[in-house]
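First comes the structure, then the notes that go with it.
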Amino acid sequence: MTHLSNWIQNTLLAFIMATSITALFNSTNFEWMKVGIFNISLLFIIMFGLSLFIAEDVRNSFKKVLWFEKRKDKLQIWQVGIGMIFYFTQVGFVEVFARILMKPELGGMPLYLVFAFMNAFLLTVIYQEIFYIEEKASVEEFKFKKLK
């Protein structure tokens with residue numbers, strides 16, 4: 001189950017990196033950067049393919065920077081990481097493939113950011129129920145501390 005979880009995370013990270021670069025270059029005046037196949041930017045396709053190769057390393061570097069392995073309770077930082085992946089995946093999708101959704105606002109804040117945040121929260125909870133493996137030692141340790 002962890003291999004599937006890692007594959008999903010790596011694919012979404014590659015998507016985030018590809019949409020970030022594509023959105024950056026779509027706003028420039030370089031028309032040759034906007035060439036596409038079936039309304040999918042050729043730059044996105046190339047960057048997505050290249051990003052798949054480095055996604056695992058990017059994910060592991062975030063784990064090292066945030067000291068994931070050294071933490072006693074890893075659940076909170078795991079939830080933040082997964083939520084961030086889901087949030088930026090949705091934001092990148094809107095900025096590259098559905099730019100029309102960037103116009104509506106809610107009190108001055110773009111509505112797509114609000115929906116992306118709510119969806120990321122829900123997706124994190126669902127993803128946690130499916131993929132998060134709780135360490136038994138930390139659960140038992142916590143229960144014994146509460147009983148004393």
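The values are calculated or read from the model by the stated rules, or taken from the named source; none is laboratory data. Please read these numbers as outputs of a predicted model, since none were measured by experiment. Neighbour counts are summed over all protein chains in view; Cβ atoms, including those assigned to glycine, are modelled from backbone coordinates with ideal geometry. Surface accessibility is based on the protein's heavy atoms, side chains included, excluding ligands, DNA and RNA. Shrake-Rupley method; radii C 1.70, N 1.55, O 1.52, S 1.80 Å.
Answer yes or no as to whether Ile40 is open to solvent by 80 Å² or more (accessible area, probe 1.4 Å) and β-branched (Val, Ile, Thr). Criteria not met by Ile40.
Kindly evaluate Phe25 against the criterion of being part of a helix (DSSP H, G or I), within 26 Å of Leu113 (Cβ to Cβ) and within 12 Å of the chain's Cα centre (by Cα). Give the derivation first.
Details: part of a helix (DSSP H, G or I): yes; within 26 Å of Leu113 (Cβ to Cβ): yes; within 12 Å of the chain's Cα centre (by Cα): no.
No: the conditions fail for Phe25.
Can you confirm whether Phe68 is more than 18 Å from Met17 (Cα to Cα), over 12 Å from the mean Cα position of the chain (by Cα) and open to solvent by less than 40 Å² (accessible area, probe 1.4 Å)? The answer is yes for Phe68.
Restricting attention to the stretch 89-113, the residues that are open to solvent by 70 Å² or more (accessible area, probe 1.4 Å) and either within 18 Å of Tyr132 (Cβ to Cβ) or not in a helix (DSSP H, G or I) (or both) total 5. Taking the stretch 40-78 as the range and being farther than 19 Å from Ala14 by Cα and among the polar types (S, T, N, Q) as the test, only Gln76 passes.
Among the residues that make up the stretch 66-88, is at least one of them in a loop (DSSP other than H, G, I, E, B), out of contact with any Ser or Thr (no Cβ under 9 Å at 6 or more places or on another chain) and of a type in the set (Val, Ile, Thr)?
no
Any residue in the stretch 53-60 that is open to solvent by 70 Å² or more (accessible area, probe 1.4 Å) and aliphatic (A, V, I, L, M)? For the stretch 53-60, residues open to solvent by 70 Å² or more (accessible area, probe 1.4 Å) and aliphatic (A, V, I, L, M): present.
Restricted to the stretch 71-83, and to residues that are loosely packed, with under 15 Cβ neighbours inside 10 Å and not acidic (Asp, Glu), which residue is farthest from Leu24 (Cα to Cα)?
Lys72
Cβ-Cβ distances below 6 Å connect the following pairs, each with a first residue in the stretch 75-103 that is touching a residue at least 40 places away in the same chain (Cβ under 8 Å), a second residue that is open to solvent by 60 Å² or more (accessible area, probe 1.4 Å) and assigned to a helix (DSSP H, G or I), and a separation of six or more residues or different chains: Phe86/Leu123.
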